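Working notes, structure below.
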Amino acid sequence: MIPSLRSSWPKFGWGKSFLLLGLCALFFLLGTGNSEAAFNTVIIDAGHGGHDLGASRSLIYEKHLNLDVARRLERTLRESGFRTVLTRSTDDFIPLSTRSAKANKYRNAIFVSIHFNWSWKSKVTGVETFYRSSSSRNLADYIQRQLIRKIGCTNRGVKTANFSVLRKTRHPAVLVEGGFVSNKGERSSMLDPRYRQVVADSIARGILEFRKKR
Ligand SMILES: [Zn+2]
């Protein structure tokens, strides 16, 4: 070795070498974690479809509202640079297990199921977001907060549920209930495309916040 080069090399003792190795391992692990966190794919699940109408009242079917919001959300997320996958893009019946199986084909993804609610009590109103795994809690929180901030409706909160799509999907997964079809006031809001756009944009904002803060 050329003496001048040798003398320019830093001199590490064994202790420092181990410390350096340890730090490299730590950065590697953190780096791996970050790449998992930096999801770029959003699986958008429009609830119901085909013969499965979902909530309905006065010829207004939840399945149509869900698909419309899903398409709006798809557009907004693509504009923000996300890759999006719809579990259904037509008015067809897709079994719940097929939806989860489709979602599980993707890596570094999250899953958002879109629904509208129904109650026997026509006075019941509000928006709620469900999750199942702890890794999905923050996603549900951010989406719910954005929805309440923009819609200003009753906050029914973030809740756990053992819904099939939440249980079988191996990603952070939430299910959003964007208001009650059974309530006259909320039903008339849903029929306004501007309301459905606000729902989609609020969900998108919640997703962006989730990615930023992971
Ligand atoms: Zn539903």
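Summary table below
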read-out	value
Count - residues of the range 119-137 that are buried (at least 18 other Cβ atoms within 10 Å of the Cβ) and not β-branched (Val, Ile, Thr)	6
Top-ranked residue in the range 90-106 [being touching a residue at least 40 places away in the same chain (Cβ under 8 Å) and assigned to a loop (DSSP other than H, G, I, E, B); ranked as farthest from the ligand (Cβ to nearest atom)]	Tyr106
Among the candidates Glu186, Glu209, Glu177, residue that is in contact with a helix residue (DSSP H, G or I) (Cβ under 6 Å, 6 or more places away or on another chain) and among the charged types (D, E, K, R)	Glu209
Pairs, first more than 21 Å from Phe130 (Cα to Cα) and aromatic (Phe, Trp, Tyr) in the range 45-60, second within 10 Å of the ligand (Cβ to nearest atom) and assigned to a loop (DSSP other than H, G, I, E, B), C-beta under 9 Å, six or more apart	none
Extreme residue, farthest from the chain's Cα centre (by Cα), among residues of the range 140-155 that are buried (at least 18 other Cβ atoms within 10 Å of the Cβ) and over 16 Å from Asp201 (Cβ atoms)	Asp141
Number of the exception - Asn104 against (1) buried (at least 18 other Cβ atoms within 10 Å of the Cβ); (2) closer than 17 Å to Thr41 by Cα; (3) not hydroxyl-bearing (Ser, Thr, Tyr)	(1)
Which listed residue is touching a Pro at 6+ places or on another chain (Cβ under 8 Å) and either over 25 Å from Thr41 (Cβ atoms) or of a type in the set (Ser, Thr, Tyr) (or both), from Ser113, Ser135	Ser135
Arg187 being within 16 Å of the ligand (Cβ to nearest atom) and basic (Lys, Arg)	yes
Tally of residues being in contact with a strand residue (DSSP E or B) (Cβ under 7 Å, 6 or more places away or on another chain) and assigned to a helix (DSSP H, G or I) across the range 107-161	10
Selection within the range 43-68 - of a type in the set (A, V, I, L, M, F, W, C) and either away from the ligand (no atom under 16 Å from the Cβ) or under 23 Å from Asn104 (Cβ atoms) (or both)	Ile43, Ile44, Ala46, Leu59, Leu67
Selection from the range 125-161 of residues that are of a type in the set (Ser, Thr, Tyr) and either touching a residue at least 24 places away in the same chain (Cβ under 8 Å) or within 26 Å of Arg71 (Cβ to Cβ) (or both)	Thr125, Thr129, Tyr131, Ser133, Ser135, Ser136, Tyr142, Thr154, Thr160
Out of Ser122, Ser164, Ser182, Ser113, sole residue that is small (Gly, Ala, Ser), in contact (Cβ under 8 Å) with a residue 24 or more places away in the chain and more than 16 Å from the ligand (Cβ to nearest atom)	Ser122
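Readers should treat all values here as calculations from the given coordinates under stated rules, not as data from a laboratory. Everything quoted here is computed from the prediction, not taken from an experiment. All Cβ positions, even for glycine, are placed from backbone atoms using ideal geometry, and neighbour counts span all protein chains on display.
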